[in-house]
Amino acid sequence: MAASAGYPPFQLGKPRFEQTSFYGRFRHFLDIIDPRTLFVTKSHLKEAVQLLEDYKHGTLPPGVTSKELWRAQKIKQAIIHPDTNETIFMPFRMSGYIPFGTPIVVGLLLPNQTLASTIFWQWLNQSHNACVNYANRNATKPSATSKFIQGYLGAVVSAVSIAVGLNVLIQRANQFTPATRLLIQRFVPFPAVASANICNVVLMRHAELEEGIDVLDGDGNIVGSSRIAAKHALLETALTRVVLPMPILVLPPIIMSLLEKSALLRSRPRMILPVQSFVCLAAFGLALPLAISLFPQMSEIETSRLEPEISGATTSKTVVYNKGLK
């Protein structure tokens with residue numbers, strides 16, 4: 001295997017970037033959400049998979065570089081589910097989350113929403129999130145479909161209830177001028193989506209709080225199943241899902257309220273929707289890698305903070321656990 005400038009030696013199944021730092025995780029997730037992988041052809045995907053198989057079996061053709069192997073792994077991980085080996089439907093891949101999710105964000109932030117449109121966009125957003133979560137789930141162990149349905153329904157009900165409830169309260173607030181009321185309504189999607197995201201996490205993963213999750217020592221050996229680690233994993237995931245929609249649903253209303261006062265958009269009102277779409281796309285593209293980089297996928301916790309049976313089963317001062325998707 002030939003060396004490549006700017007690329008570390010290839011390691012099958014390992015991240016290309018260091019995961020102990022925020023910057024390393026940020027670069028790693030930029031790779032994962034790279035929308036260019038959506039345009040990879042079947043033949044290119046087949047070549048990438050074959051190249052990784054050749055590496056695995058020690059039959060690489062001469063002259064293959066680390067750069068080619070890292071790119072092959074990036075393509076395979078973006079398209080094929082690691083547990084089922086099935087191709088993930090394009091709109092539900094992590095690399096498709098931003099391009100397919102941005103139109104939904106634009107819909108959520110449209111001004112002068114009716115009751116029907118509020119319900120529709122909140123439902124569509126939670127449906128898209130549920131499909132992305134399911135398509136990228138951990139499939140190493142069988143999981144009841146009822147859990148996903150329960151989480152989906154809980155998220156939809158909470159999102160719609162909060163969005164509709166807040167809109168009704170704002171409409172009845174007589175102390176607000178029409179302009180102020182319209183501005184406040186633009187921020188309604190954030191608390192609705194954030195609350196729904198937390199509801200989804202709790203409903204879909206509440207069993208982990210009762211059964212615990214596996215914690216591993218420095219050699220990758222399972223030490224035991226910890227309910228305390230499960231609480232930390234769910235808290236980290238919930239925080240990520242609150243932080244994620246914040247720039248996406250808070251920044252665009254602020255930016256658009258300023259841009260709409262400009263002479264350019266006042267004289268060209270038809271440009272408002274395209275400009276808002278671009279602003280939403282930019283906010284989404286920035287927020288997603290930043291939010292999912294907050295915590296390492298494999299988080300570390302001191303053994304002394306866990307259950308006595310866990311701390312007594314290992315000499316390691318710290319153990320790690322998988323915090324789960326997003």
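Some notes on this structure:
- Qualifying residue in the stretch 186-201 (condition: within 22 Å of Arg241 (Cα to Cα), part of a helix (DSSP H, G or I), touching a Gly at 6+ places or on another chain (Cβ under 9 Å) and at pLDDT below 85): yes
- Every test in (1) farther than 30 Å from Gln185 by Cβ; (2) hydroxyl-bearing (Ser, Thr, Tyr); (3) touching a residue at least 60 places away in the same chain (Cβ under 8 Å) is passed by Thr59 save one, and that test is (3).
- When Leu108 is tested against (1) more than 18 Å from Arg186 (Cα to Cα); (2) open to solvent by less than 20 Å² (accessible area, probe 1.4 Å); (3) of a type outside the set (Lys, Arg), just one condition goes unmet, and that condition is (1).
- Condition met for Leu182 (touching a residue at least 60 places away in the same chain (Cβ under 8 Å) and more than 30 Å from Ile88 (Cα to Cα)): yes
- Residue within the stretch 218-230 that is among the acidic types (Asp, Glu) and within 27 Å of the chain's Cα centre (by Cα) present: no
Residues are listed down the side, and each one gets a yes or a no for (1) under 14 Å from Pro111 (Cα atoms); (2) without any contact (Cβ under 8 Å) to a residue 40 or more places away in the chain:
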residue	(1), (2)
Pro252	yes, no
Met256	yes, no
Lys261	no, yes
Phe284	no, no
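The values are calculated or read from the model by the stated rules, or taken from the named source; none is laboratory data. Computed from a predicted model, the values in this text were never measured in an experiment. A quick note on method: Cβ atoms are made from the backbone with ideal geometry, for glycine too, and the neighbour counts reach across all protein chains shown. For the accessible areas, the whole protein counts, side chains as well, though only heavy atoms, and no ligand, DNA or RNA atoms are used. Shrake-Rupley method; radii C 1.70, N 1.55, O 1.52, S 1.80 Å.
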